[in-house]
Amino acid sequence: MRNYKDNPIVKMTFQYSLEILEFTEVLRDQRRFAFADQILRSGCSIGANVKEAQGAESKADFIHKMKIALKEAEESEYWLELCDFAKGYPKPGELLAKIESILKVLNKIISTSKSKIIKSAN
């Protein structure tokens with residue numbers, strides 16, 4: 001990964017995407033294609049949106065992109081929870097703990113960014 005070594009959320013979501021790739025391969029091996037596709041899309045979209053936010057045109061654009069990442073993280077959490085509770089599906093294990101951490105960080109980034117916009121407007 002280039003130029004983002006010191007950005008924890010970029011690193012966190014990139015690593016999460018790699019782990020999502022591995023988990024969806026397990027789902028595919030078990031012929032759970034619909035779940036694999038949903039989890040792959042939402043799970044990898046988090047990092048893509050976080051990375052895109054790094055080049056945002058404005059603070060409002062940054063917040064918007066991070067909100068999209070947050071929505072994708074919430075969707076990813078939903079699909080992983082379904083796998084966790086469904087009989088016969090592979091258990092996501094640490095992926096659930098990691099998505100909870102990502103959700104917390106994204107929420108904090110968004111709230112901090114919003115407060116900075118409010119402060120600069122006053």
Radius, Kirkwood style, for the stretch 1-54 when every pair of distinct Cα atoms is counted (Å): 11.6
How large is the convex hull of the C-alpha atoms of the stretch 8-121 per residue, in Å³? 83
For the stretch 22-29, Karplus couplings with θ = phi - 60° (6.51, -1.76, 1.60), whole Hz, Gly/Pro x: 5, 5, 5, 5, 4, 4, 5, 4
Please find the FRET efficiency linking residue 97 to residue 74, where r is the Cβ-Cβ separation and R0 is fixed at 25 Å, and quote it to the nearest 0.05. 0.95
Which order do the peptides 105-117, 47-59 come out in when sorted by mean C-beta neighbours inside 10 angstrom, highest first? 47-59, 105-117
Cα centroid of the stretch 55-92 to Cα centroid of the stretch 99-122, whole Å: 16
Relative to the chain, whose Cα atoms define the longest principal axis, helix 94-121 and its Cα axis are tilted in degrees, nearest 10, by 20
Cβ charges +1 (Lys, Arg) and -1 (Asp, Glu), total dipole of the stretch 8-121, debye: 460
Mind giving me the nanometre distance, one decimal, between the label points for residue 54 and residue 111, set 7 Å out from Cα along Cα→Cβ? 2.6
Mind giving me the FRET efficiency for residue 119 and residue 7? R0 is 25 Å, r the Cβ-Cβ distance, nearest 0.05 is fine. 0.65
Which one, 89, 73, 115, projects farthest toward the positive side of the charge dipole computed for the chain from Cβ point charges (K/R +1, D/E -1)? 115
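We did not get these values from a lab; they are worked out from the coordinates using the rules stated. From a predicted model like this one, the values you see are computed outputs, not experimental measurements. For neighbour counting, all protein chains shown are included, and Cβ atoms are generated from backbone atoms with ideal geometry for every residue, glycine included.
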